[in-house]
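Novice: Shown below is the structure under consideration.
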Amino acid sequence: RSPAAPPRDISRAWVFGARNLSLASPSGHTFSLEPSLEVALRDGIQSPSDKRASLSLDALAFDPPFRRVTSDGTHQVILVASNERVTATLVYAVSPANAQILELSVTLVYHRDVSVAAEELTLTFEDASITGYDHALEPRVVGKGAKQLHIPNHTPRQLEVSHEEHRVLLDASGVPGVLVRARGGRREVTLELDHRAHHPLKIYNGCKDPKGLPTRWLDETPRVAGEQVTHRILFLPDKSLGHLRPERYPGGFAAAIALTDHADQGTAARTRAFAYGDETAGKGSGKGWVGRGLSYTKTVFAVDSEGYEPQLDDPAFEELFVEMVEDGVEPGLHSVTGVTDERALNAREIAAFGKVYPNAAWIDHGPERNCEAITNQGWDSSSEQYFLIDLLIRAGVEVWWAVLDIPVRGGRLDMLAESLEKRRAVIWPQERLRQGAVAPLMFASAWFFQNRSTFLRRFSKKNLDRLASDHGLLLAHTYLDVWATSEKFAKRTLLERVDGKIHLREEADEVFARIQTYQDKHLILTDGVARLATHLHEALRLRIMPSPSEPDTYLITHTGTRALEGVTLFIPSRSMSKTSPLLVDGKPARNTREATGEKGTLVWFDLAAGQTRRLKISSDASSKTAIVMATDAVDASAPE
């Protein structure tokens, strides 16, 4: 049998072999796409009493492929593998609607309730070079000095697989992890469809005696009998890594900082002094973190409790909190009080807070001793007194601290640089805590409650420059309005008393002024952790595909569930015409700037969930590529 008839007006045709599962270039070089799939599943849903088992992967054997043509003319090659726990169906498809793309969909259907520790799909390429992005969005060639590359958190899951003049871009947007390894002359690409390291959850085993409490893992994904999960991977021939790169942050910013401030030491006077310069200052002060136009996550206690100053129960503090939120500060709860709270109080106060402050963050307070902490008993629906997560989700509070700190070493500020080899998760959806349609986002932080001199020195010009150039991310664990109430905290406070009033120290405000200049230049965005987490998670779910009908045009589709404001793309100078403007939906792009440190342009625009926008680059050279599917020696009689 001959290949399917190619679309008209093709100058370069690639052929996907239905029998040998390979993609052949016009010159005849083949890129094998024959997959292997390994899983680590165990019966039942993981409980705190389960001992954490070492990771042991079992290979699933695929039946011979068969071919199918759907009613819309899409050519498919299908492989099926199964065992007693799961059936995996892989479908390679070429659609007449866009013959420039080969799509691989991987669908897993579970036959019983299981816990997933890992699911890994591996492709092996012989005689090929593979390039992917590192934490700083720099291209890294695997095999040249680096035997492996684990694409870090919140980094485009794009790989360029090349042989001489021919190349294929592998786009695994939305896949939690991608690992590339060099093994002699072979290159292995492992798509981590699931891995427990990508969604850590540690809980405290008890709350009555906080000294030496053990922790337990709940990091495996629960899947119930009949549940179905699908992942999609794209192969785009003749596309290079970086021809169009999705950026991490909104609005053309290069890097981001979110100070996540725990409520323990907050009072109206102290918090106002940190935010605006002194305890009597307010909007327009031009001093302090908020007065300089910087944002952060400020958590509060909703109800007064023994051992802590009143916050939202104090009219002066509540007035300040409203003022700060109007100035762009992200609100959050640091539990409802500073002590253990039972469900009736949590139900009332979380609902009330969410109604006034939607899309807030949540940071467990004292999780080792407060029973209702998510990481204590708050996760557990069987706990009548302390179950919490349904209350948070109902109130729209869907971004939570995981009570994990990632050490950020030396002069670095970038948590992403610390997550390379150990698969350290920074922000992740937590399926274990899903309620209905909502899987909350959890985040780790970096410990930044240090001596004042150390804290301020970490935001030196050198370190901020490096954070910006590395496209880095810092989610800092802080206590910004701590007061010198003891010798222990005296060296940590950013505040001082002058003429009877609490002021922000001058050396602290000088550092805030420095950070302000980076934000004013669109280099470093300061924001709240919930806003950043949502954007970073959703931005990884962009689909960037060449238009089948418009040359030099890409379709940017948001496959996520929440609107993206200011989603940003980087276009290298080599991909752009020197004379034609960038067009978004046929009109000149309104938001662009030259990239700092790279030769290219940043463009940003808004995307609603499910929306597709057209970006026309108007390059000086255009390449028309299409894929046809060879059908020889494959059973084509399988039912649709």
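Novice: Which aspartates and glutamates have a Cα less than 15 Å from the Cα of LYS208, not counting those fewer than 8 places away in the same chain?
Specialist: ASP341, GLU342, GLU368, GLU372
Novice: Could you tell me which residue out of ALA402, LEU320, LEU536 lies farthest along the dipole of the chain toward its positive end? Charges go on the beta carbon: Lys and Arg +1, Asp and Glu -1, centred on the Cα centre.
Specialist: The residue sitting farthest along the positive end of the dipole is LEU536.
Novice: Further question on the same structure: Could you list the GluC sites (Glu not before Pro) in the stretch 375-429 that lie in coil according to DSSP, counting only those with at most 15 other Cβ atoms within 10 Å of their Cβ?
Specialist: For GluC sites (Glu not before Pro) across the stretch 375-429 that sit outside H, G, I, E and B with at most 15 neighbouring Cβ atoms in 10 Å, the list reads GLU384, GLU421.
Novice: Cα centroid distance between the stretch 534-607 and the stretch 273-342, in Å?
Specialist: Using only Cα atoms to place each centre, the spacing works out to 37 Å.
Novice: To the nearest Å, what is the center-to-center distance of the stretch 19-76 and the stretch 90-162, using C-alpha atoms only?
Specialist: The distance from the Cα centre of the stretch 19-76 to that of the stretch 90-162 comes to 12 Å.
Novice: Give the peptides 214-226, 131-143, 148-160 in descending order of average Cβ contacts within 10 Å, highest first.
Specialist: Result, highest mean Cβ count within 10 Å first: 148-160, 131-143, 214-226.
Novice: Now for a different question. To make sure I understand the rule: partners must be aspartates and glutamates, Cα under 16 Å from the Cα of LYS501, and not fewer than 8 residues away in the same chain. Which ones qualify?
Specialist: ASP278, GLU279, ASP481
Novice: Pop out the ³J(HN,Hα) list for the stretch 58-69 in order, Karplus 6.51 cos²θ - 1.76 cosθ + 1.60 with θ = phi - 60°, rounded to Hz; leave Gly and Pro as x.
Specialist: Going residue by residue, I get 10, 7, 9, 8, 7, 6, x, x, 9, 10, 8, 10 Hz, with x marking Gly and Pro.
Novice: Which lysines, if any, have their Cα less than 30 Å from the Cα of LYS461, not counting same-chain residues under 8 positions apart?
Specialist: By straight Cα distance, LYS461 reaches LYS283, LYS287, LYS298, LYS422, LYS488, LYS491, LYS521, LYS599.
Novice: Still on this structure, I have one more. Which residues among the stretch 292-325 fall inside the zone where the amide N is under 11 Å from a point 7 Å beyond the Cα of ALA352, along Cα→Cβ?
Specialist: 302-304, 312-314
Novice: May I pose another question? Per-residue ellipticity at 222 nm for the chain, helices alone: DSSP H runs ≥ 4 residues times -39500 (n - 2.57), over residue total, nearest 500 deg cm²/dmol?
Specialist: The helix contribution divided over the chain gives -4000 deg cm²/dmol.
Novice: Highest first, please rank the peptides 281-290, 302-311, 423-432 by the mean number of other Cβ atoms sitting within 10 Å of their residues.
Specialist: In decreasing order of mean packing, 281-290, 302-311, 423-432 become 423-432, 281-290, 302-311.
Novice: Roll a 1.4 angstrom probe over the protein heavy atoms and tell me the percent of accessible area of the chain that is carbon or sulfur.
Specialist: C and S fraction of accessible area: 47 percent.
Novice: Moving to a separate point now. Roughly how compact is the stretch 553-622, stated as its Cα Rg over 2.2 N^0.38 Å to two decimals?
Specialist: 1.12
Novice: Packing-wise, with mean Cβ within 10 Å as the measure, how do 73-83, 385-395 rank, highest first?
Specialist: 385-395, 73-83
Novice: Given Cβ point charges of +1 (Lys, Arg) and -1 (Asp, Glu) and nothing else, what value in debye, to the nearest 20, does the dipole of the stretch 216-356 about its Cα centre take?
Specialist: So the dipole magnitude of the stretch 216-356 works out to roughly 880 debye.
The values are calculated or read from the model by the stated rules, or taken from the named source; none is laboratory data. Given the structure is predicted, the values throughout are model-derived calculations rather than measurements. Note that we place each Cβ from the backbone using ideal geometry, even for glycine, and neighbour counts take in every protein chain shown. Each accessible area value is taken on the protein alone, full model and side chains, heavy atoms only, with ligands, DNA and RNA left out. Shrake-Rupley method; radii C 1.70, N 1.55, O 1.52, S 1.80 Å.
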